[in-house]
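Data first, discussion second: the structure below is written as structure tokens.
The values are calculated or read from the model by the stated rules, or taken from the named source; none is laboratory data. All values derive from a computational prediction rather than experimental measurement. Neighbour counts run over all protein chains shown; Cβ positions are idealised from the backbone, glycine included.
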Protein chains: 2
Amino acid sequence: MLAVTVQGGQTAVQVPLPERKRGEALVRVKRVGICGTDLAMFDGYTDHTGVIGHEFAGVVEEADNDAWIGKRVTSSINFTPSDYPFDWKTAKHHPRRTALGIRGRDGTMAEYAVIPEDALIELPASVSDASGATVEPLAAAMDAVDRLPPGVGGDILVVGDGRIAQLVGRVLQQRHHRWAIVGRNRMKLSLAKRAGGRGEEEANIHKGKRFSRVIEATGSPEGIRLALNAVAPTGTVVLKSTLSEEVQLDLSRVVVHEIRLIGSRCGDLEKALEAMARGKIEVTDMITAVYPLARAAEAFEHARRPDAVKVQLEP
Amino acid sequence: MLAVTVQGGQTAVQVPLPERKRGEALVRVKRVGICGTDLAMFDGYTDHTGVIGHEFAGVVEEADNDAWIGKRVTSSINFTPSDYPFDWKTAKHHPRRTALGIRGRDGTMAEYAVIPEDALIELPASVSDASGATVEPLAAAMDAVDRLPPGVGGDILVVGDGRIAQLVGRVLQQRHHRWAIVGRNRMKLSLAKRAGGRGEEEANIHKGKRFSRVIEATGSPEGIRLALNAVAPTGTVVLKSTLSEEVQLDLSRVVVHEIRLIGSRCGDLEKALEAMARGKIEVTDMITAVYPLARAAEAFEHARRPDAVKVQLEP
């Protein structure tokens with residue numbers, strides 16, 4: 001079957017069909033998104049050499065439990081070892097965890113993927129394949145918002161205008177928060193404004209404008225420095241970025257201003273799917289382009305362009 | 001009068017007696033400690049050019065309110081501008097704050113200092129001048145401990161064996177926490193162990209030993225990297241260090257392991273003094289040496305030696 005691997009910087013190549021083990025489902029992938037982690041992996045972020053991809057929607061073709069067969073699904077991406085009961089929260093930090101298309105397990109940028117049945121989540125009919133492949137990053141965006149302290153006045157600042165930043169904005173909007181966004185791409189800023197955000201000038205931050213709550217979602221050292229600059233004394237910065245490089249930081253600001261810096265990685269997919277199914281969060285207008293899997297190289301190139309938001313593949 | 005200033009890297013020099021303004025007290029300084037911030041100021045940490053020093057005990061000689069005259073005192077170190085009501089918590093982050101011997105206000109490494117009366121705290125007879133000059137750093141250590149999340153199992157790890165680390169250990173001990181300390185100086189580690197801490201080998205951290213709660217008190221980039229290495233997934237690192245340089249950090253660990261990094265600066269002096277006055281925390285065994293103010297250069301040199309804990313000056 002056709003699949004995307006990072007080995008040797010390759011994109012779409014022929015690999016053997018994955019083998020389904022006990023407790024696993026064979027899923028025919030219908031849609032799969034390209035995210036920051038996938039791009040970072042091409043830049044050497046991990047030593048994973050197999051199939052990549054973890055934001056997906058597909059149909060179960062084989063499973064131990066017949067009830068799954070024919071169902072449209074997505075899934076959690078972190079799995080506990082097979083001798084542990086599955087729980088996405090525990091799995092997230094288990095030292096022997098595997099992560100779909102990231103660590104010790106082939107991913108979903110392929111015609112077929114195998115997924116532990118316990119991790120599968122059924123997609124309701126109201127959620128399209130395109131949206132279903134966005135449940136995982138939406139859950140991550142929700143988790144970032146969940147980590148902000150409650151009840152502090154003023155706009156919440158989103159630093160960055162990319163994939164995750166756009167989703168964070170939609171979560172903030174769904175929760176009736178007032179939010180501002182700072183970014184450098186006019187098209188992407190317009191998208192965020194249409195979703196309810198206020199555009200903030202980077203210059204205002206350099207001039208001293210401060211926010212008590214900041215979510216950093218650029219994935220760049222420069223973005224992290226801007227976020228640390230934008231946060232008010234005793235404020236909170238949630239870091240939601242995959243970084244493939246080290247960052248030079250002035251931590252004396254963190255100490256002197258008694259700032260909280262909180263890392264956030266993956267969220268609760270059921271919760272994200274719930275908001276999507278109820279029509280509270282719409283994501284399809286964020287999809288810049290969809291490519292067939294065979295044109296993955298082109299799709300990755302597109303995903304790196306400054307004006308691209310979400311690029312997806314269709315196996 | 002004799003005073004220590006950082007201007008031109010000088011130590012003890014002759015300066016005019018400070019002028020007491022409305023609402024301020026003139027304090028004859030009896031004891032003053034050298035802390036990490038004072039050392040960092042000699043390394044260019046701030047652009048303060050006046051008298052330095054902020055950990056002190058003294059006697060009020062003149063004040064608007066007669067009740068203060070003759071009283072033994074120490075004080076908060078952050079002051080709101082004179083058109084604002086005084087409150088140490090607000091003052092700590094006020095954009096126009098002054099800070100004793102650090103920012104916009106002469107400090108206490110001098111024969112006399114002027115202090116806003118609202119910021120004075122009376123020392124009870126049971127607290128010596130030596131201990132009184134340690135209330136401020138003890139309050140800072142308490143604040144660092146207060147920022148740890150409650151109820152998480154396992155030892156609390158203190159990174160560093162210097163001035164603040166030793167005080168943090170004493171606060172942890174007073175609160176009946178189990179704590180471990182990692183440091184490089186045998187004498188200082190012994191001091192911490194006598195106070196109730198368990199010595200932890202740095203090698204164990206490099207081998208993968210993890211702690212859910214870590215307090216970083218080395219003030220060095222290396223110490224911060226060790227603390228980030230030692231913290232378990234979803235754990236908390238409290239940063240209690242004055243850093244005069246930027247730090248190169250792997251923030252992907254903070255994101256992937258969903259770590260909380262919390263800056264802490266100054267604490268509640270009344271609370272620290274309370275614990276000291278009740279005999280719950282003893283600090284005088286931490287005092288390595290006391291020098292007359294005229295020998296400040298020698299005292300600063302001593303404070304920088306690896307085996308020095310707290311060096312104080314006696315004007």
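What to note about this one:
- Tally of residues being outside any strand (DSSP E or B) and either among the acidic types (Asp, Glu) or more than 8 Å from chain A (Cβ to nearest Cβ) (or both) across the stretch B:197-250: 28
- The residues of the stretch B:251-270 that are outside any strand (DSSP E or B), within 14 Å of another protein chain (Cβ to nearest Cβ) and over 14 Å from the mean Cα position of the chain (by Cα), listed by number, are B:251, B:252, B:253, B:254, B:255, B:256, B:257, B:258, B:259.
- Exclusive hit being more than 14 Å from chain A (Cβ to nearest Cβ), touching a helix residue (DSSP H, G or I) at 6+ places or on another chain (Cβ under 8 Å), assigned to a helix (DSSP H, G or I) and not charged (D, E, K, R), set B:313, B:273: B:273
- Of residues in the stretch B:37-56 being out of contact with any His (no Cβ under 9 Å at 6 or more places or on another chain) and buried (at least 22 other Cβ atoms within 10 Å of the Cβ), the one farthest from residue B:131 (Cα to Cα): B:51
- Hits in the stretch B:1-37 - residues which are more than 14 Å from chain A (Cβ to nearest Cβ), assigned to a helix (DSSP H, G or I) and in contact with a helix residue (DSSP H, G or I) (Cβ under 8 Å, 6 or more places away or on another chain): B:9
- Identity of the residue in the stretch B:65-84, under 15 Å from residue B:112 (Cα atoms) and of a type in the set (A, V, I, L, M, F, W, C), that ends up surrounded by the most Cβ atoms within 10 Å (Cβ to Cβ): B:73
- Criterion (touching a Leu at 6+ places or on another chain (Cβ under 7 Å) and not aliphatic (A, V, I, L, M)) met by exactly one of B:194, B:213, B:175: B:213
- Flag if residue A:62 is among the acidic types (Asp, Glu), farther than 22 Å from residue A:292 by Cα and surrounded by 13 or more Cβ atoms within 10 Å (Cβ to Cβ): yes
- Evaluation of residue B:222 against the conditions (1) surrounded by 16 or more Cβ atoms within 10 Å (Cβ to Cβ); (2) without any contact (Cβ under 8 Å) to a residue 40 or more places away in the chain shows that the sole unmet condition is (1).
- Some residue of the stretch B:130-137 being of a type outside the set (Phe, Trp, Tyr), in contact with a Cys (Cβ under 9 Å, 6 or more places away or on another chain) and either modelled with pLDDT of 95 or more or buried (at least 22 other Cβ atoms within 10 Å of the Cβ) (or both): yes
- Every test in (1) surrounded by fewer than 21 Cβ atoms within 10 Å (Cβ to Cβ); (2) of a type outside the set (S, T, N, Q); (3) at pLDDT 95 or above; (4) within 30 Å of residue A:44 (Cβ to Cβ) is passed by residue A:207 save one, and that test is (4).
- Criterion (without any contact (Cβ under 8 Å) to a residue 12 or more places away in the chain and among the polar types (S, T, N, Q)) met by exactly one of B:264, B:252: B:252
- Output for the stretch A:74-108, where each listed residue is within 15 Å of residue A:53 (Cα to Cα) and within 13 Å of chain B (Cβ to nearest Cβ): A:77, A:78, A:99, A:102, A:103
- Residue B:178 at pLDDT 95 or above and either in contact with a Lys or Arg (Cβ under 9 Å, 6 or more places away or on another chain) or of a type in the set (Ser, Thr, Tyr) (or both): yes
- Residue list for the stretch B:59-83, filter: without any contact (Cβ under 8 Å) to a residue 60 or more places away in the chain and under 13 Å from residue B:27 (Cβ atoms): B:59, B:61, B:62, B:63, B:68, B:69, B:70, B:71, B:73
- Boolean, residue B:144 is outside any helix (DSSP H, G or I) and modelled with pLDDT of 95 or more: no
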